[in-house]
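Okay, so here's the structure we're looking at.
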Amino acid sequence: KPHPPESLPVQITLNKKQLALGLEWSIAPTESEMRAESKRHPKAHRAVVRRSDQIWLGLYAEPYKGTVYAGALVVGLIEPNAVVCVQVSEDTYWMCAVLDGMPVAGYDKFVPAENARSLAMDWFAMFKQSSVIGGLNGAKRSLDDLMNALDEAIAKKEITAKQLASLRVAPQTTPVSSIALL
């Protein structure tokens, strides 16, 4: 997987929340398969979410300080079906696809600006039920608007502290049993 250029913000801060972008997502049917995948990337941090009979594992190899949330999971909490296309630098966009609140494996990445619009159209054709989030024409809302909606939902107690904690990226030394169920 290509790493973003050094100058690229692989985390962005919106509404005082840090979002980790471009996680490498995989889906494992069992705890042991999830642990095996984690072990293949021992230095990466991870986000783990359990849903019905599957485990989503998002690996994040970049350093960070403080509390960082997996951007794709935050989007999924507010917009369960979305294609995100957000400019993060002059020549790079963060793109992500979310279905039923969960990131689609292989669809959380950085793309060159010149490819972003056509790729977004391709993804939107694939994920027809999705809303567009970001700066493209016809977008349902911007990422800022989405973060404002998250803050409102937290303030109204529609999203609990436990739900928010389940979106966090954590070092792999964190025992899996302590990671909240979504």
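The values are calculated or read from the model by the stated rules, or taken from the named source; none is laboratory data. In this text, all values refer to a predicted model and were calculated from it rather than measured experimentally. Every residue, glycine as well, gets a Cβ built from its backbone with ideal geometry; the counts of neighbours run over all protein chains shown. Surface accessibility is based on the protein's heavy atoms, side chains included, excluding ligands, DNA and RNA. Shrake-Rupley method; radii C 1.70, N 1.55, O 1.52, S 1.80 Å.
Exactly one residue among Ile55, Ile78, Ile27 is touching a residue at least 24 places away in the same chain (Cβ under 8 Å) and open to solvent by 60 Å² or more (accessible area, probe 1.4 Å), and that residue is Ile27. Restricting attention to the range 120-154, the residues being of a type outside the set (D, E, K, R), closer than 16 Å to Val74 by Cβ and assigned to a helix (DSSP H, G or I) number 8. Being surrounded by 14 or more Cβ atoms within 10 Å (Cβ to Cβ), in contact with a Pro (Cβ under 8 Å, 6 or more places away or on another chain) and within 22 Å of Asp151 (Cβ to Cβ) holds for only one residue in Val86, Val98, and it is Val98.
Of the residues making up the range 94-112, those that are of a type in the set (A, V, I, L, M, F, W, C), over 15 Å from Leu167 (Cβ atoms) and under 11 Å from the mean Cα position of the chain (by Cα) are Trp94, Met95, Ala97, Val104, Ala105. Residues that are in a loop (DSSP other than H, G, I, E, B) and either among the hydrophobic types (A, V, I, L, M, F, W, C) or on the phi < 0 side of the Ramachandran plot (or both) were ranked within the range 36-52; the one that is surrounded by the fewest Cβ atoms within 10 Å (Cβ to Cβ) is Pro42.
The set of residues in the range 13-35 being outside any strand (DSSP E or B), touching a helix residue (DSSP H, G or I) at 6+ places or on another chain (Cβ under 7 Å) and modelled with pLDDT of 90 or more consists of Leu21, Leu23.
Let's see how each residue does on (1) at pLDDT 90 or above; (2) more than 13 Å from the chain's Cα centre (by Cα); (3) open to solvent by less than 50 Å² (accessible area, probe 1.4 Å):
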{"site": "Thr92", "(1), (2), (3)": "yes, yes, yes"}
{"site": "Glu114", "(1), (2), (3)": "yes, yes, no"}
{"site": "Ala125", "(1), (2), (3)": "yes, yes, no"}
{"site": "Ser130", "(1), (2), (3)": "yes, yes, yes"}
{"site": "Gly134", "(1), (2), (3)": "yes, yes, yes"}
{"site": "Ala153", "(1), (2), (3)": "yes, yes, yes"}
{"site": "Lys162", "(1), (2), (3)": "yes, yes, no"}
{"site": "Pro175", "(1), (2), (3)": "no, yes, no"}
